[in-house]
Amino acid sequence: MSRTTFHPLTAGETSLFTGFGPASASGVGERRRTVDDELAAGLYRPEWLWVAERGSSIVARAAFWGPENAAHPWSMIRFDPGTGPDRVEVGAALIGAAYAALAPATGRPDYILQMPAAWRDLPAARRDVADRRAAAEKAGLNLFVERLNVRWIPEFGLPPRPGRLRFTPAADDPDTTRDVLGRICTDSLDAYARRDVERYGLARAVEVTIEELMEMPGGTGWDHWRLARTPDGAAAGIVLGTRNTLGATIGYLGVVPEHRGNRYSDDLVIEALHIFTAAGEPEVFDGTDVGNAPMAASFARCNYEVSGRFMVFS
């Protein structure tokens, strides 16, 4: 059998990546846009596209993404281990080689595994998820969280603003903004928020959140953030409408602990939807942890549909 080599591509070799076998019939690992569309949109750098090559054939592939000016990729967003009998072993070796070359000493990229919404009910999808998870874990990654993909389009209906909260630009009061972010993070159901607090401590976790959101493709300055206040002026929460590689998205949303239980998350989501609608956005893509039932319920009340799920390995 020919030796398998693992290497990144150069600018003239992207056809090796796009020419890799047919898409998974189960929908596992597939994204809303094709590889060709993502390449045309400049989503990938050639050196962040990795393949496993055996003889003259590509037997596995992996693609990483990061913001335009990022020194290192943020996430591995495509990974196809192929269909061979040694696919788990080859896939794990490919991930290991790519991570060894691309990952910084700290903050290595997550692996985002996209799945159909009902993947657990589909035998082929369960098999494809099992292969990818086994390869990722063999390469040293661990399951961090499973999340829901949710989607809103105008045809689903734009809920009216409830009028319970008053929204002001966060740029008008950056100190209150940081205080609100810290209070949200201290008792959050969001796995990323809890992880950042554990890693950095609360004060630094707030700054990391701000820094990462500022790097999103939407170009999020402070003028995009909205503080939500109750009629008596108390800060109740915050919401950020921005864009990711797919389109409009709520980059951040949270309600401070003392105001939870009032369904204020609905007000925050609806405010963002009105801002997006005024800007002419044709659809909005969002997500939440499977374990964050209150947020999932809020999206449902605001006329979102569940469009898929994904696992995050880190």
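Worth pointing out:
- Checking each residue of the range 77-87 against the condition of being outside any loop (DSSP other than H, G, I, E, B) and farther than 23 Å from residue 124 by Cα gives no match.
- Flag if residue 280 is farther than 22 Å from residue 211 by Cβ, without any contact (Cβ under 8 Å) to a residue 12 or more places away in the chain and surrounded by fewer than 19 Cβ atoms within 10 Å (Cβ to Cβ): yes
- Residue count for the range 157-182 satisfying the condition of being of a type outside the set (Gly, Ala, Ser) and under 15 Å from residue 207 (Cβ atoms): 7.
- Residues located in the range 256-267, provided they are out of contact with any helix residue (DSSP H, G or I) (no Cβ under 6 Å at 6 or more places or on another chain) and surrounded by 20 or more Cβ atoms within 10 Å (Cβ to Cβ): 264, 267
- Candidates 62, 92 - the one that is closer than 22 Å to residue 24 by Cα and in a helix (DSSP H, G or I): 92
- Residue match in the range 153-162 (condition: closer than 24 Å to residue 59 by Cβ and modelled with pLDDT of 95 or more): no
Listed here are the residues, each with its yes/no results for (1) surrounded by fewer than 16 Cβ atoms within 10 Å (Cβ to Cβ); (2) touching a residue at least 60 places away in the same chain (Cβ under 8 Å).
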{"position": "148", "(1), (2)": "no, yes"}
{"position": "152", "(1), (2)": "no, yes"}
{"position": "156", "(1), (2)": "yes, yes"}
{"position": "162", "(1), (2)": "yes, yes"}
{"position": "175", "(1), (2)": "yes, no"}
{"position": "179", "(1), (2)": "yes, no"}
{"position": "188", "(1), (2)": "no, yes"}
{"position": "192", "(1), (2)": "no, no"}
{"position": "199", "(1), (2)": "yes, no"}
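- The residues listed here are 91, 82; of these, the one that is more than 26 Å from residue 216 (Cβ to Cβ), modelled with pLDDT under 95 and surrounded by 19 or more Cβ atoms within 10 Å (Cβ to Cβ) is 82.
- Inter-residue pairs, beta-carbon under 8 Å, first under 13 Å from residue 109 (Cα atoms) and in the range 65-84, second part of a loop (DSSP other than H, G, I, E, B) and among the hydroxyl-bearing types (Ser, Thr, Tyr), 6+ apart: 65/44; 65/245
- Number of the exception - residue 171 against (1) at pLDDT 95 or above; (2) among the hydrophobic types (A, V, I, L, M, F, W, C); (3) in a helix (DSSP H, G or I): (1)
- Among the numbered conditions (1) more than 22 Å from residue 247 (Cα to Cα); (2) touching a residue at least 60 places away in the same chain (Cβ under 8 Å); (3) loosely packed, with under 15 Cβ neighbours inside 10 Å, the only one that residue 100 does not meet is (2).
- The set of residues from the range 43-54 being modelled with pLDDT of 90 or more and not acidic (Asp, Glu) comprises 45, 46, 48, 49, 50, 51, 52, 54.
- Candidate set: the range 226-255, residues that are more than 18 Å from residue 190 (Cα to Cα) and of a type in the set (S, T, N, Q); chosen: the one surrounded by the most Cβ atoms within 10 Å (Cβ to Cβ): 242
- Scanning the range 14-32 for residues that are part of a helix (DSSP H, G or I) and either of a type in the set (Lys, Arg) or free of Cβ contacts under 8 Å to residues at least 12 places away in the same chain (or both) turns up at least one hit.
- Verdict on residue 61 being of a type in the set (D, E, K, R), touching a helix residue (DSSP H, G or I) at 6+ places or on another chain (Cβ under 6 Å) and surrounded by 13 or more Cβ atoms within 10 Å (Cβ to Cβ): yes
- Selection count where residues are among the acidic types (Asp, Glu) and either within 24 Å of residue 263 (Cα to Cα) or buried (at least 16 other Cβ atoms within 10 Å of the Cβ) (or both), scope the range 201-212: 1
- Test for residue 133: is it in the same structural domain as residue 63 (by TED's automatic domain parsing), modelled with pLDDT of 95 or more, in contact with a strand residue (DSSP E or B) (Cβ under 9 Å, 6 or more places away or on another chain) and part of a helix (DSSP H, G or I): yes
- Against the test of being β-branched (Val, Ile, Thr), farther than 30 Å from residue 119 by Cα and touching a residue at least 24 places away in the same chain (Cβ under 8 Å), the options 230, 245 yield a single qualifying residue, 230.
The values are calculated or read from the model by the stated rules, or taken from the named source; none is laboratory data. Quick caveat, the model's predicted, so the values are computed rather than measured. Because the Cβ atoms are built from the backbone with ideal geometry, glycine has one as well, and the counts that use them run over all protein chains shown.
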